[in-house]
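Participant: Dropping a structure here in structure tokens format, bear with me for questions.
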């Protein structure tokens, strides 16, 4: 069913219309087959890039779309409603460009138009096999050698691993636990960089995930983003934005599960009436709809804080927690609505349920989100944003 949206401009409305058209014509018809075949849809990302959808929240002078984050997230939601793997990939690509866009020198940022233009695809290397939720424990090292750095180590759970054209890699440059990590932009064809076989996952099988091996990967010093020791701060800042991306993706997936469940409930009859007219199931659908709307409202509220230049880390964690937990519940309930049919692969809701599960895990598990939220509460750092009446918050600066 169409989602009612409030957007800050006609340009944004047109952009969402374009996204829906691409999702309907280019993504939805092939999603089920590519997921079943575990095929990575590299061509789809080129299509989205050429349409300007890969760089939407980045500045126009860097080759981006200059759109508010609240608009970008709604684009992600629309993509996810058609094909979650692709929407996750768009979010990860954006995540891989954040450090360069926020901390790169003007000379380094000259690379951004190429990275955002659609022909290149990015990946983000933070987690390690022994240090998933504790990035400060990473062991991958970058050692200065003349005008270069030499990177050695392993990076786990890399979305687009082995498929990406560039990798934003966090590596240790000193023994200081939190201030000894630095950020590097590594070309995908760098000698010594390789990918293990793709992980065999429960869901999102159209999205390649692999461990990346860095065996003496040499990069020039001008590929250090920011200063030495700034990497962990850059990583955590990017994760705030990434968490909002996953919240939007989870909301789109949940919306699709709700739409399929409602469509089935309107057509399926028992005891002489469509099952949507039976109170027990109707109330289940109502709860599903309430969960989807709640997720959307929470991620948009956090995005508007970001667009207003306000701190939003706590709100991003809340959005990720709420939206992904809701997606897991809504997709599970969609299977229940379809009954036995929902448990078969003849209907897509079982795939939605499998895809929702990992969203509670990546970009920081939901247990980590609770830790982030509780620590923010302990600091009591509540702030108030003042906006001129009548001004969309997304446009306030």
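The values are calculated or read from the model by the stated rules, or taken from the named source; none is laboratory data. Keep in mind that this is a model prediction, so the values were computed, not measured. Note that we place each Cβ from the backbone using ideal geometry, even for glycine, and neighbour counts take in every protein chain shown.
Participant: Out of curiosity, is residue 22 modelled with pLDDT of 95 or more, assigned to a helix (DSSP H, G or I) and either in contact with a helix residue (DSSP H, G or I) (Cβ under 8 Å, 6 or more places away or on another chain) or surrounded by 23 or more Cβ atoms within 10 Å (Cβ to Cβ) (or both)? Please lay out each step first, then the result.
Facilitator: Numbers: modelled with pLDDT of 95 or more: yes; assigned to a helix (DSSP H, G or I): yes; either in contact with a helix residue (DSSP H, G or I) (Cβ under 8 Å, 6 or more places away or on another chain) or surrounded by 23 or more Cβ atoms within 10 Å (Cβ to Cβ) (or both): yes.
Answer is yes for this residue.
Participant: Quick check on this structure: which one of 70, 61 is in a helix (DSSP H, G or I) and out of contact with any helix residue (DSSP H, G or I) (no Cβ under 7 Å at 6 or more places or on another chain)?
Facilitator: Result of the check over 70, 61: 61.
Participant: Tell me which of these residue 294 doesn't satisfy, since it passes every other one: (1) over 28 Å from residue 134 (Cα atoms); (2) at pLDDT 95 or above; (3) not in a helix (DSSP H, G or I).
Facilitator: (3)
Participant: Out of all the residues in region 189-216, which are assigned to a loop (DSSP other than H, G, I, E, B) and surrounded by 14 or more Cβ atoms within 10 Å (Cβ to Cβ)? First the steps, then the outcome.
Facilitator: Going residue by residue through region 189-216, those that are assigned to a loop (DSSP other than H, G, I, E, B) are 189-192, 196-208.
Listed by number, the residues that qualify are 190, 192, 196, 198, 199, 201, 203, 204, 205, 206, 207, 208.
Participant: Search region 231-248 for residues that are without any contact (Cβ under 8 Å) to a residue 12 or more places away in the chain and pair each with any residue that is surrounded by fewer than 23 Cβ atoms within 10 Å (Cβ to Cβ) and outside any helix (DSSP H, G or I) when their beta-carbon atoms are under 9 Å apart and the residues are at least 6 apart or on different chains.
Facilitator: 233/178; 233/179; 233/226
The rows are residues; the columns are (1) under 24 Å from residue 312 (Cα atoms); (2) within 18 Å of the chain's Cα centre (by Cα).
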residue	(1), (2)
5	yes, no
8	yes, no
21	no, no
24	no, no
39	no, no
47	no, no
56	yes, yes
90	yes, yes
97	yes, yes
